[in-house]
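Below is one structure, written out as structure tokens; comments come after it.
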Amino acid sequence: MIQLRPSHQDEPSTTNLVHRCLQGDANAWGQLVARYARLVHAVPVRHGLAPHEVDDVGQEVFLALAQNLHTIDDPERLPGWLVTTARRVTWRVIQRRRHEESLDQFADSGEEERRTTLPVARMPTPEDLLVTWGRQEVLTQGMARLQPRCRELLTRLFLDHDEPSYDEISAALGLPKGSIGPTRNRCLQQLRTILEGLGVGAVG
Amino acid sequence: MTVHVSPDELLSLVFDATDLSAAAAHHLETCAHCRQQEAELRLLATDLTIARLSEPGPAALARYQALFAQVQQQPAPLQRLANRLRAVLTWDSRQQPLLQGVRSGGAAVYRQLYAAEDVELELMVEPAGSLRRVEGDLIVEMDAGVDAPALVELLDSHGEPVYSVETDADGIFRIEGVQPGRYQAMITRVHAAPIEVTTLEIV
């Protein structure tokens, strides 16, 4: 299994942040949220939930964390606690949605306008989810090690919420539109090489 | 000499859904090396998608950060996850001498009943080789409404799930291959507070 590690070794430990939160330090809470929001979001994302549902899960999980900080025995196990809690909240959201969809189907007389549902594969285990997060952490490190030009291109192509078109990327980066595909391929190969060096890449 | 599918062709296949040429497609079917490369690229594509979809927006981050002050000002708002019902053991067939060896044969099979407010959890544990099969029935009082399915988890001493299963619509579940040991059980329901069994001995 991928070893989890903070992206920046000089950041305060999770234990330090939790202890400061328990003393009422809102700044420490902000750092805790910033550090683990992606981990929490990745759980409903892996289950195929819609963006607003992902935010709802995040809200409920961080509320539970704020209310239960004093019960966390070993703060370094917080990722596991967050994944387990996010998984339960996600499960409830899925059940509620299924229930609503079954009511909708019952109310609909025809087949038209049936709501599109996201495909949900088997429920990932907590271990699966922690592996996902480990890969995400390494992906972040890998992206940071790319040449700036490649990092910018891949960020715009794959990580930008607005999903810009090739025309927009071409204008923003001063890159001929016809070069985007080949450059992307070269950058993806570079990223793969970096990720393999960080211990990620092999399947199975 | 073997000519593999080129990296650019595989990248186009995975990231652009471009069809391979007939020759390349045929080679891919029979070449474990190329299929491995394709699988790794698909995993990378998935990782990039998860990264994009998991990135919290500024508004979401601001809401999460504000929760700290809200909880400190109002220590007891809605605590759906925190307000767990504790189910306690109310009946154990091993404590009933007259039932020893009755039903399912063998003294190693035992039944337990746990209860909490409007819900009961009935368990039957039976050996399956060196492991155990745990069958359960989550029984909700009639006037408490239907709240199935539920998510049943057996947790280790760190509170991390070791076994996880969903009940059917009637609250029935089965967990195969359980290692004997001490667990905590957590039952997450859709519309009601979770139920916790703090100590569950599987012997």
*asked:* I need the strands (runs of 3 or more DSSP E) fully contained in region B:136-203, keeping only those with at least 1 residues that are under 16 Å from B:Q112 (Cβ atoms).
replied: B:151-155, B:172-178, B:181-188, B:195-202
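Is it the case, given these coordinates, that B:A45 is of a type outside the set (S, T, N, Q), surrounded by 11 or more Cβ atoms within 10 Å (Cβ to Cβ) and touching a Phe, Trp or Tyr at 6+ places or on another chain (Cβ under 8 Å)? Steps first, answer last, please.
Details: of a type outside the set (S, T, N, Q): yes; surrounded by 11 or more Cβ atoms within 10 Å (Cβ to Cβ): yes; touching a Phe, Trp or Tyr at 6+ places or on another chain (Cβ under 8 Å): yes.
Answer is yes for this residue.
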*Taking into account only those residues within region A:43-64 that are among the charged types (D, E, K, R) and under 14 Å from B:L67 (Cβ atoms), which is farthest from the other protein chains (Cβ to nearest Cβ)?*
A:D56
*All but one of (1) over 30 Å from A:T132 (Cβ atoms); (2) modelled with pLDDT of 80 or more; (3) out of contact with any Leu (no Cβ under 6 Å at 6 or more places or on another chain); (4) not small (G, A, S) hold for B:W91; which doesn't?*
(3)
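Looking at B:L81, B:L99 in this structure, which one is within 30 Å of B:G136 (Cα to Cα), more than 10 Å from chain A (Cβ to nearest Cβ) and either at pLDDT below 80 or surrounded by 17 or more Cβ atoms within 10 Å (Cβ to Cβ) (or both)?
On the way: B:L81 fails: more than 10 Å from chain A (Cβ to nearest Cβ).
None of the others qualify; the one that does is B:L99.
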*Inspect all residues belonging to region B:20-40 and state whether any of them is closer than 30 Å to A:E137 by Cα, assigned to a helix (DSSP H, G or I), among the hydroxyl-bearing types (S, T, Y) and modelled with pLDDT of 90 or more.*
no
*Any residue at all in region A:122-141 that is modelled with pLDDT under 95, loosely packed, with under 12 Cβ neighbours inside 10 Å and under 27 Å from A:A42 (Cα atoms)?*
yes
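Let me confirm something: among B:A150, B:A169, which residue is within 28 Å of A:H99 (Cα to Cα), in contact with a strand residue (DSSP E or B) (Cβ under 9 Å, 6 or more places away or on another chain) and among the hydrophobic types (A, V, I, L, M, F, W, C)? Working first, answer last.
Working: B:A169 fails: in contact with a strand residue (DSSP E or B) (Cβ under 9 Å, 6 or more places away or on another chain).
The unique qualifying residue is B:A150.
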*Can you spot a residue in region B:8-27 that is surrounded by 13 or more Cβ atoms within 10 Å (Cβ to Cβ) and in contact with a Pro (Cβ under 9 Å, 6 or more places away or on another chain)?*
yes
*Tally time: how many residues in region A:21-42 are more than 9 Å from chain B (Cβ to nearest Cβ) and within 14 Å of the chain's Cα centre (by Cα)?*
2
*Within region A:133-161, how many residues are within 14 Å of A:L195 (Cα to Cα), over 14 Å from the mean Cα position of the chain (by Cα) and part of a helix (DSSP H, G or I)?*
6
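Just need a number here: residues in region A:25-59 that are of a type in the set (D, E) and not in a helix (DSSP H, G or I). Give the derivation first.
The first filter runs over region A:25-59 and keeps only residues of a type in the set (D, E), leaving A:25, A:53, A:55-56.
Keeping just the survivors that are not in a helix (DSSP H, G or I) gives A:25.
Qualifying residue count for the region: 1.
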*Applying the selection to region A:66-80, what residues are more than 7 Å from chain B (Cβ to nearest Cβ) and closer than 21 Å to A:D128 by Cβ?*
A:E76, A:L78, A:P79
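The values are calculated or read from the model by the stated rules, or taken from the named source; none is laboratory data. Computed from a prediction, not measured in an experiment: that's the story for all the values here. Ideal geometry is used to build each Cβ from the backbone, glycine not excepted, and the neighbour counts take in all protein chains shown.
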